[in-house]
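What follows is a short report on a single structure.
Please treat every number below as a calculation from the coordinates, not as lab data. None of the values given here were measured: they were computed from a predicted structure. We place every Cβ from the backbone using ideal geometry, glycine too, and count neighbours over all the protein chains shown.
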Amino acid sequence: MHVRTTFSRRRRGAAIYAAVASIMLALATTGCSKSLDDDKTPPVDQAASTAHAKLLDGSDGADWPAFGRTYGEQHYSPLRQINAENVNRLGLAWFHDLGVGHSTTGPIAVDGVIYFANRFSVVNAIDAVTGRELWVHDTMAAEKAGLRLRQAYGTRGIAWWNGNIYTGTTDGRLVALDAKTGNERWSVLTVPDDGVRFISGAPRVFNGKIIVGHGGADAGPTRGYVTAYDATTGKALWRFYTVPGNPAVDTDETTRIAAETWSGDWWKFGGGGTVWNAITYDDETDTVFIGTGNGYPWNHRIRSQGKGDNLFLSSIVALDGNTGAYKWHYQTNPGETWDYNAAMDMQLAELAIGGKARKVLMTAPKNGFFYVIDRLTGKLISAEPFARQNWASHIDPDTGRPVENPQARFPDGQSFTMWPGTVGAHNWLPMAYSPDTRLVYLPTIEMANTYSDKGVDIKGWTPPERNLADGGINVDVPEDAGAAQGTSRLQAWDPVTQKSVWNVPTPGVTGGGVAATAGGLVFQGHADGTFNAYSAADGKRLWSFDAGAPVIAPPITFMANGRQYVTVISGMGTSFGIFGKLSPHSADYRTQARRVLTFVLDGDAPLPQSQAAAASAPLRNFSVDAASAERGLPLFEQACGVCHGIQAVAGGTAPDLRTSFAASDPNTFRAIVKDGALAANGMPQFEELDDKRLNDLRHYIASRAQLMDD
């Protein structure tokens, strides 16, 4: 085992596209299954049966063994020891400092032990009662990632099954660890060594198998797929491709059938459709549901000559859990061109609709519509907007297709200010469904972007080199920014009536992930540094804790030694640090309090005050050359902004370079940026940058530093 400290690291339209596109990695008929082995899965033993029982939606809630707690991904717990009447007694049981690095990750808890992976797949095990560290395993992903570091944001979650802990890594491995010792049991490389694909989402376990996808459809030719492995041995079982390959070469079912919905030579671009986040399992029907991402490149005119639905982009696809065979699909955005991926969490439930009990799948993807789908057939039951949107008038209830606003395709070189923008009305931070209130608790984003492809060489466009994001499209902040810059709220949504029941404004561009409980509570952290409990019935805030740092990660709750605990991880991570300019909390990368926070009734552990960021102005006396700074702007936005923040205003994911001594010294700056001196810590290497461009970057950063008082 290894213990390391890690840390992470766009002309205006195309440049800002790249920064925003990178966030969304952060923040992608019939199909195919490719059998990787004809051997049958071995019989499930008793221990595996016990593990299976923990993951059922009807389990007792003593554990939180998966990213969404159970197969159905409801992010709901049946525990009620902590409830609306006594939550005011909730106090800190213990905290555990994490040090510098990404920390926006969903923990799990099994048999009195909390497991999580912070930074770049550094997996931790902590005693849930005492907070004592049991083991740490560093997968050394940052050192092995290479170019992948440019598009990866740490680890969003992990998985558990029958004595194993599973994590995906930035360099594309799926790793199984012994839950008791942290020792590696097996490791498999799930992606080709193309320098583009990476894993940041949580793997999911089902019926003795573990399934994982990957990201990478914003920065290079990528054909999406998911792969299922034997959870005990790591043996590959089946693979499902989400978009077709070259019809002249590939013989899989997706290529044979879905290729009819594509045009031109799409396979040269990969197509996209990565499954970087959402995977849900229905134990009753042995069905795996995957949520697919955007196309590559984003621009439908380039990717597919502006023709066809492009299956299975931006879709929910149902697969046979045993074989990976296609069952059905539902596409939220045919011919997707705005990064409106359908990779947000999908929750299973039984709802009384029209006097009948319906088995449904619910999802609130980026495009701003809340979908209720019959999970047995894939037929749309209803879809209504849950946030401001202007790209479609409605979803046709008969065809299930959106009725688009023609301007949304920005015809004839025009631009269109579109709600929601690339961040989406809902991003990867999960919603929760309570079978008690029958409401969905949904972190909602209100934010717009202006789209166009004016000036883009549609016929001659080629992918950028070196894993830099470019989707053949211009994405910008609207000139009349105002509210378009970003606001957020937590809302309770009735999936039957398709109406909002209550709303609570939340600070910043996004609120944190959500957990609901049978105690009548909804837990959510905020970017202002608070962790909160709301009444599930009316949204009244019943309790709040000052964590001293942004709390964006999804919380969990579980039992240990007869007491109910609530755990959440504080600190900014993944892609939302790009919004430092809009952040309500000063989250300094070096000093913010990244911690595991665990609460219990009558807990009284003291929390040290957060360390204040030291005042630093090494670039104030830098003599800025305006022309050099202007050349540095697109370089910064494409290569640096996703981590160091739009306009160089960092939000805590990476250091604020306006106060960086490294940026003030050309030799130090070259060693870090060009030579990769901090690659092991998560800072990617940009060896293609010559001294002139490095100097332009420094002049741009200095120009921003000298505006800090404005």
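Brief remarks on what is shown
- Virtual spin-label span in nm between T497 and D45, 7 Å along Cα→Cβ: 5.2
- Only Cα pairs under 8 Å and 6+ residues apart enter the sum, and on that basis the relative contact order of the range 626-705 stands at 40 percent.
- Taking N as the residue count of the range 626-705, its C-alpha radius of gyration divided by 2.2 N^0.38 Å amounts to 0.96.
- Full extension of the chain between T251 and R401 yields a length gain of 51.1 nm, computed as 0.36 nm times the residue separation minus the alpha carbon distance.
- Taking 0.36 nm per residue of separation and subtracting the Cα-Cα distance, full extension of the segment from K307 to D97 would add 70.4 nm.
- Residues H96, H426, H394 arranged by fewest to most Cβ contacts within 10 Å: H394, H96, H426
- Calculated from backbone phi, Karplus (6.51, -1.76, 1.60) coupling profile of the range 452-465 in Hz, x at Gly/Pro: 6, 10, 4, x, 7, 7, 4, 7, x, 5, 10, x, x, 8
- In this Cβ point-charge picture (+1 for Lys and Arg, -1 for Asp and Glu), the range 626-705 has a dipole of about 160 debye about its Cα centre.
- Treating r as the C-beta distance of T130 and T591 and R0 as 25 Å, the FRET efficiency rounds to 0.40.
- Cα→Cβ-extended label distance, 7 Å offset, between D538 and K235, nm: 5.9
- The distance between label points at R80 and A677 comes to 6.0 nm (points 7 Å beyond Cα on the Cα→Cβ vector).
- Overall form of the chain per C-alpha gyration tensor (a/c, 1.5; a/b vs b/c): rounded
- Using 0.36 nm per residue and subtracting the Cα-Cα separation, the extra length available between K454 and L707 on full extension is 88.0 nm.
- Exposure proxy ranking, count of Cβ atoms within 10 Å, fewest first, for R223, R173, R358: R358, R173, R223
- Prolate/oblate/rounded call for the range 38-185, Cα gyration tensor, a/c under 1.5 rounded: oblate
- Residue by residue, the range 491-508 carries 3J(HN,Hα) couplings of 10, 8, 10, 8, x, 7, 7, 6, 9, 7, 9, 8, 9, 10, x, 10, x, x Hz when phi is fed to the Karplus relation 6.51 cos²θ - 1.76 cosθ + 1.60 (θ = phi - 60°); x denotes Gly or Pro.
- Packing-based ranking of 69-79, 319-329, 681-691 yields 69-79, 319-329, 681-691, ordered from highest to lowest mean Cβ neighbour count within 10 Å.
- Residue order, fewest to most surrounding Cβ atoms within 10 angstrom, among K359, K459: K459, K359
- For the range 315-324, the Karplus equation 6.51 cos²θ - 1.76 cosθ + 1.60, evaluated at θ = phi - 60°, returns couplings of 9, 9, 10, 9, 10, 5, x, 7, 10, x Hz by residue, with Gly and Pro reported as x.
- Shape of the range 312-373, Cα gyration tensor, a/c cut at 1.5: oblate
- Helix-only [θ]222 nm of the chain, DSSP H runs n ≥ 4, -39500 (n - 2.57) each, per residue, nearest 500: -3000 deg cm²/dmol
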